[in-house]
Structures are given as C-alpha cells and as structure tokens.
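As structure tokens, the structure follows; a few thoughts come after it.
What follows is calculated from the coordinates using simple rules that are stated; it is not laboratory data. Given the structure is predicted, the values throughout are model-derived calculations rather than measurements. Because the Cβ atoms are built from the backbone with ideal geometry, glycine has one as well, and the counts that use them run over all protein chains shown.
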Amino acid sequence: MAAEIAGGRQREVSIAITPSGVGGTLEVLLDGQEIFNRKSLPTDGGAVPDPKLVKELGAELRGKIVAVLDREPAAASAD
C-alpha cells in the first residue's frame, strides 16, 4: 500500500509505517497533517470497506501527495 500511495515517486517520498498498538488503525499524514483515517470509511456494518471506495481513496491520496511534491522544488540528488 505504501508504494501505491507514493504513486511511483519513491525517490521523492518518505513513508513510515508505524505500529499503533490498536488493531484496524490506518492513518495517513502528509507533512504532519492527517489526510486520511480509516475510521472515517463507511463499512456497511462490515470490518472492511468496499474495495472500489478504497481504490478511489488511494487515487485521492496519491493526488494530494503529488500536489505537494509538485509545489516543492526537488531536493538535490545524492547520486
């Protein structure tokens, strides 16, 4: 999922996956601001949200991340 959120821009994006100690937690922060929280998803009473909705949200998250990347000048490459 982290690679999907990065949208193919892994060289420009740092993603940290941190255990929360609470099962079912998935929060996405962008520059310290929460842009997604799994608890906000409608689940129709089930534990897992509709896969189509998850895919749409993934695209929305990538869009937000790419927008931030496109606003900021690229860091100098260490290669």
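Among Val28, Val54, Val22, what is the fewest-to-most ranking by other Cβ atoms within 10 Å?
Starting with the residue having the fewest Cβ neighbours, the order is Val22, Val54, Val28.
Neighbour counts of other C-beta atoms within 10 Å: give me Ser14, Ser20 arranged from fewest to most.
Ser14, Ser20
Return the long-range amide H neighbours of Phe36 (sequence gap of 5 or more, or a different chain), with a cut-off of under 5 Å between placed amide H atoms.
Here the answer is Val28, since their amide H atoms fall under 5 Å of that of Phe36.
Sort Lys52, Lys64 so the one with the fewest other Cβ atoms within 10 Å of its own Cβ comes first.
Exposure proxy ranking, most exposed first: Lys52, Lys64.
Taking 7 Å along the Cα-to-C-beta vector as the label spot, tell me the Ala16-Leu41 distance in nanometres, rounded to one decimal.
Rounded to a tenth, the inter-label distance reads 2.3 nm.
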